[in-house]
1. Taking N as the number of residues in chain B, what value does Rg over Cα atoms divided by 2.2 N^0.38 Å take?
2. Looking only at B:149, B:80, B:168, which one moves most when chain B is put into a Gaussian network model with springs between Cα atoms under 10 Å?
3. Per-residue Cβ counts within 10 Å, from other chains only, averaged over A:55-66: what number is that?
4. Check residue B:219: other-chain or 5+ apart residues with amide H under 5 Å from its amide H, H built from backbone geometry?
5. Arrange the following residues from fewest to most other Cβ atoms within 10 Å of their Cβ: A:180, A:244.
6. Which of the pairs A:191/A:256; A:75/A:125; C:56/C:247; B:117/B:227; B:122/B:236; C:56/C:270 have their Cα atoms more than 19 Å apart in this structure?
7. Would you calculate a helix-derived [θ] at 222 nm for chain C, using -39,500 (n - 2.57) for each DSSP H run of n ≥ 4 and dividing by the full residue count, to the nearest 500?
8. Relative contact order for the stretch A:1-111: what is it in percent, counting Cα pairs under 8 Å that are at least 6 residues apart?
Amino acid sequence: MTLCEAEKTFVLHGVEENFRIDGREREDYRPMELETDIVSHAFGSARLRLANTDVLVAVKIEVDTPFPERPFEGKLEFFVDCSANATPDFEGRGGEDVAIEISNTLSAAYHSPKVFDLRKLCILKGRKCWKIFVDILLLECGGNLFDAVSLAVKAALWNTQVPLIRQIDIDGNNVELKVSELSDCQRLDVKTAPVMVTVCKIGEHCIVDPNVAEEQCSVGSIVVSVSENKFSTVLQTGTGSLHSSTLLDCLKLGYKVAQRLDDALWSTLSKIQPTEDVGFLK
Amino acid sequence: MAEQYRSLHPIKYYRDYLVHNVRPDGRQFDKFRPVILNVGSIDTADGSAIAKVGRTTIVCGIKAEFCRPKAETPDQGFIVPNLELPPLCSPKFKSGPPSDQAQVLTQIIADIIQHSKCVDPKDLCIFPDKLAWCLFVDFICLDYDGSLVDACIMALMGALRTVTLPSVDYDPSLDNKLVNLEERKHLPIHSTPISATFVIFDDKIILADPTVDEENLCTGIITIVLKGDDLCCIHKPGGSPLTEEELFEYIGKSKKRAPLINNLIEAALENINK
Amino acid sequence: MPIDRKRINGPEETVPYNLYTKLNTKSLLQEFDELFCDGKRADNRAPLEHRKIFLKTGVVSQAKGSAYIELGKTKVIVSVFDPREIPNRTDYSLKGEIYCEFNCTKRRLHQQDAEEKQYSAIMKQALESTVCRHEFPNFQVDIYALVLHNDGSPLSAAITAAGVALSHAGVPMYDLIVSATLGIQHNVKFLDPSNTEQRLCDVSISSDGKEDSHGIIVISMLHTHEQISQFYQVGNISLEDITESVKVLETACKDIVPLVQKHLVKHILKTIKNNEDYVILVSS
């Protein structure tokens, strides 16, 4: 979709009046739908639909050997797959850059041990650890990918069941693990997992959750990823540059919105919990 | 004007100079470019050197790692040379897997290391059939202006002389290794190969130490590697034929140059040891 | 893994020897105290003191423009090549493109790893807003950065050097671009961190649940317009700390600018002088 100058001016005026083209205010999100536990063969999964943006996240867990330089830590890997159906731009190898950008930003956001402690994934120092693969599938692109992906990833990790280790047999260099059944599992601690918010600068104002049309009107945007009350990563995207005071304004706005978003996500997730426990025939 | 003429008729441009017995950069035919060697400048590597031949710049870094010797040669370690020609050094190269040229040059360097026996693989063995050193010798070209092999071999010798390996206590029954970083030893170097490159222009004129333009326009190229006074390797991939006398003449010329390079390496090492 | 036939391969499995040294029992907190005591850093700098910068242009004879930068032991070389047509492109783009490649000579896999790709993207983003891209539509300028020695802050060194290399190549630009890095750990801000400092800022060292910030911030600034062309942060940092750090980084960038300017003026004077010599030579 490309906009002509007149259309861009229309969007811009809307932002100035705090009445955007779809009727929202500057700090409003579009409605979201969240489903968890929808891929039966995955250890955890979630699907998030934010207006037209549709993201499916599945989590797989494997036993692996830790990196020799970090024997106490497990591994966490993100892989983003852009479906060619998501937007015509993704055809062929078109989605690769976007995919790499998103997966790199996610790794940066989950990098700090205060955000996601990889030490909890260690089974036996230097020998065995859990490796978590987070597969992200972009089904449809309706703008604001970062926010949708981060929410879906957090929900999927929350949903993930890590098997318990029942017994470890060490025989020389061989280590054998006995793992519990899938019905008896432990959940990952994802309270501090980051939530990302894209703050888009249009004209003189900053908005959150831009749709495709608004994304085109902006010269630059800031992706902030907030975990509890700290920033875990901040990334500038787009081709423009910002004055430092604008940058700080964007950060403040992103921070405020991210906390609201995180609260909303957490209350939604806690509502899911009771029904699921029934399913496990406890 | 000269620039346009040079890019439109490069060969004629060169011939115009060569009839006056001088090269476009002002050198005589058998004159080598000035060389610079800087050793031990990268301390994240176990040994390193930067060599410049004219404007050609090569960085050589050596990293030692543990490995298990091959079953057929249980008392030998490994030396793994690799040359990289990144897109940074010349617009000719693109990023991706090594170009044909890089592969050819890597093989030449590997052959020189193997045949000159400057490092004996047996010195790299720690415990037969169990543990040995593997020396990864990486060359990166920063500026590509001809005579790459000369620069590589110079950088290699500089870097090898700075390599220090920590002492290792190895317990074969438990496969336990303990590295003592304080106790570092120099690697024994058995010989110093020195290479000189010449190009043959228009089947008759021979130019020493060619620049990249001369390498592109020449009709033949020859690299002579000497080990002291002995001939170690001659690389002449096709091109204009040479007579026996001509070949001996160039071997003689490289012999004259060898002590100079040798002195340079010694001088560079003295500076670092001070 | 398939065998790489284009390189000489060593034995299948090798391990770095550093893993078998005597066990390092120092805790991260102790390591931190060693790095930073009495308000001085390991290399005797004050926390907000930048390392000395050495700049040189024209180091790669084959490139259109090139620059070499040293920040203490960190050494980066950048070269810029003539604009060329964007390969594999069917549609027309009004603005020229910038292609960046960031490489680290650390011995690792030969392919670019994720970190290098991320740094390439950040570099591209930083430089895009300073190059007058409308001047060369449908063309791309290739910029290659190679880290020869990484002792912290390689990304900002590469961006500053790329700015100098672009001006050396004569690529039209709106403004000079300079970049600086800052690490935060344990309530101390380290401007232009070294590799060990950067490594420590990467992890959280206070175990007692204190609300300490830790992390790394890189910004690139267009000096005259006071614009931030790129901002990148990782770690876990509070809003107040970010606000303070941005101020620190802005002044740091301002301090680097005169150095870059001086260097460019010197370079131009030298070129003019060389040209005059050449003219005299030709006319005589």
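Every number in this text was worked out from the coordinates using simple rules, so none of it is lab data. A quick note: this is a predicted structure, and the numbers were derived from the prediction, not measured. Neighbour counts are summed over all protein chains in view; Cβ atoms, including those assigned to glycine, are modelled from backbone coordinates with ideal geometry.
1. Working: Rg = 20.6 Å, N = 274, 2.2 N^0.38 = 18.6 Å.
Cα-based Rg divided by the globular estimate yields 1.11.
2. Maximum fluctuation in the GNM of chain B, among the listed residues, is at B:168.
3. Values: counts 0, 0, 0, 0, 0, 0, 0, 0, 0, 0, 0, 0.
Shielding by partners across A:55-66 averages 0.
4. B:200, B:201, B:202, B:203
5. On the way: A:180 14, A:244 18.
Placing the least packed residue first, the sequence is A:180, A:244.
6. Details: A:191/A:256 17 Å; A:75/A:125 13 Å; C:56/C:247 28 Å; B:117/B:227 10 Å; B:122/B:236 31 Å; C:56/C:270 13 Å.
Among A:191/A:256; A:75/A:125; C:56/C:247; B:117/B:227; B:122/B:236; C:56/C:270, the Cα-Cα distance tops 19 Å for C:56/C:247; B:122/B:236.
7. Working: 5 runs with 91 residues, N = 284.
Helix contribution divided over all residues of chain C: -11000 deg cm²/dmol.
8. 11 percent
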